[in-house]
Every structure is written in structure tokens, then in C-alpha cells.
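What follows draws every value from the coordinates through simple rules; no lab data is involved. Note that this is a predicted model, so its numbers are computed, not measured. Cβ atoms come from the backbone with ideal geometry, glycine included; neighbour counts cover every protein chain shown.
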Amino acid sequence: MSTGDPERAARELEELLRRVPPEHSDPARRAEARRAFLAAGAAGGDAPSRAPAPARMGGVMGTGANAEEQAFAAWLAARAPAESMSAAVRRRARLAFLTAVAATPPPLRARRSFRRLVWGLAAAAILAVTFLLPEPERWSARLDGRLTFDGTEYSPGDEARLTAALERSGTLETHVARGRLEFGDALALELLPGCSLSIPPLPVLDGVEPLEFELARGETYLRTSAAYPGNPIVVRTTLADVALHGTTVGVLVDEQGTCVCVADGTARVTSALLPGGYRDLGPRFTLRVFHDPGMGPKLEPFPPEDRPGAAHTSDLVEFERSP
């Protein structure tokens, strides 16, 4: 690591922290990497000029691990891998380490003792952030049939492969069957047959970062749980933006326009075709915005479940009640 250049140090540590991809989060793999790191730390060795990959972490502790380093290694060894963490925690841990290095006076950074300390701290931070601290939540998928994500087809049994692909943004398209995504126990999405939904990159549920989806066609249901931290959710269509607030909502795009159904909570529908530009929608109400401006928006309550025309909303209500 280039301790004399904070910017380069930041880039090198950033590169090292990215070396373990999300699909390598198996607890056994993490435990093996931790053991390899601790064994290398006990054996000692000189720090290389660039950060090594986690698969070969030898030498980062410096020559002759002292009693404090050995005690710290024992403390790390006693910690079992956790199950989940947010990317925000990773960013804060990395930023704290880089800030401490950048704030150190250049003469001190030039000393061999400081270089050994930096490498010891870097190794501890990398180990903790990459292997000990919990990893971020990721999408899980349940497929009832074939769907496509950015041109690649996935079928039942391909859920793990799809989950890895969902780390990035892209467009999900269902065909004749539904697809369901869940983000931990906080958020659930269901894509009905014939749906095309663009999803954002893997979100960080910190209560702040917006989650923005784009619905090109078909229908999708979204549901937040009591564990949802409150990140703003927006579903965009060609006619309207739908902002969700602690809710279960269905959004439909068809040849007539956009339809929003709220089963629980509230949603704000923003559109140039609405009087005043927006409409707040409460539970058990449907709002339809038509392409034809002469038709005007249509607001109506959910029909009773035993009445004609209730099939559309009863399916959303069933999604609301599902586990």
C-alpha cells in the first residue's frame, strides 16, 4: 500500500476490499480465509508494495508478530462469521481507516514502524470488513416459470444464479409465469406474467437511499414489512410516478394507461394528467390514469371480494396476506 499517497492508498485498499465477490460469501470459505490470514500473521513476513488478494494474505502483519498482534489475532479467531451487513457499514469502516492514514504526518508515515502498523491495521480492517462483519442483504428469488433478466433466461432451479445477477441494475421480464423477489424480511416484489420491470442496483436499506423501479408493461406488486427502514420507493411509468409509504401496492401498465391499487398504507401518484399534479391514495382504493386525456383519472374503492370485478384487487389482497 502506498502510505505516502492517501489517494493511491484509498484506491489500493478499495481494490483489495472488492476482491471477494458476493457469491463467495459461504461461511466455510470465509472461515478458511480467516484461518489462512491468522496463520500468515503468526508466521510474519515483509509487506508487499501492493495489497495482496485475500486468497494469499501472507505477510501483511510484518516481521515478528508481537504479543499485542498475537492477542488481537486470537480475538479475531474467536469471532464467528456473521450473516449480514449493510454496504454502508463497509463504507464507514473503510473510510475510517483511510481517514486515519491520510491524517498521519508524512514523516511518521515514512518510518518502518509506521508502515508495519499500517499494514497490521489494513489487514485487520480487511479481515473484519470482508470476513467477520456481516454481509449486505441481497435479493432472493422464487420462480414459478421462466423469466429473463437483461437478455439471460432463468428457470426454476436457477434462483441462486439469478440472485447473483441481481447485484446489478437491469430489466426483469416474466413470460407466462410469475416471479417473486424478496429483500431480506423488509421488502417483497411479485411480477405477474407479462411484466417488464427495471430494478436498481443492490440497494442499501439505510432509511435514506431511494429505490426506483421502472415499469414498462404488465403488473407488479410491492410490499414492505414492519422491518422496512423507510427508504423512499418510487415506481415510474410513462404516465405517472408512484411513491410508496409503508404499503402494499399494485401498479399496472397496459394499453389504456397506468392503474395503481393500494391494499395497505398510502401512495402518492404524481402525473401531469392529474388535477394539481398529484393524488394521495389510501388503502383499498384504485386510481387509473388514462393515456386519453379526455377520459380523465378514475378513482374508486376496491369492490367487495364477492362482487364482480373483484378479481383484480383480490389477487393483490392475497399477496398482502401471504407470508
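The strands (runs of 3 or more DSSP E) found entirely in region 250-323 that carry 3 or more residues being under 15 Å from Leu222 (Cβ atoms) and not acidic (Asp, Glu) are 257-270. The listed residues are Val235, Val251, and the only one of them that is in contact (Cβ under 8 Å) with a residue 24 or more places away in the chain, closer than 18 Å to Leu187 by Cβ, within 24 Å of the chain's Cα centre (by Cα) and surrounded by 20 or more Cβ atoms within 10 Å (Cβ to Cβ) turns out to be Val251. Can Gly309 be described as surrounded by 13 or more Cβ atoms within 10 Å (Cβ to Cβ) and over 25 Å from Ser225 (Cα atoms)? Judged against the criteria, Gly309 is not a match. Just to be sure, is Thr286 closer than 14 Å to Asp315 by Cα, hydroxyl-bearing (Ser, Thr, Tyr) and free of Cβ contacts under 8 Å to residues at least 60 places away in the same chain? So Thr286 passes the test. Set side by side, the residues Pro297, Pro303 differ, and just one is more than 19 Å from Leu211 (Cβ to Cβ), surrounded by 14 or more Cβ atoms within 10 Å (Cβ to Cβ) and in contact with a strand residue (DSSP E or B) (Cβ under 8 Å, 6 or more places away or on another chain), which is Pro297. When you look at Arg288, is it under 25 Å from Leu187 (Cα atoms), buried (at least 16 other Cβ atoms within 10 Å of the Cβ) and more than 30 Å from the chain's Cα centre (by Cα), yes or no? For Arg288, the condition - under 25 Å from Leu187 (Cα atoms), buried (at least 16 other Cβ atoms within 10 Å of the Cβ) and more than 30 Å from the chain's Cα centre (by Cα) - is met. Of the residues making up region 198-212, just one is over 11 Å from the mean Cα position of the chain (by Cα) and among the acidic types (Asp, Glu), namely Glu212.
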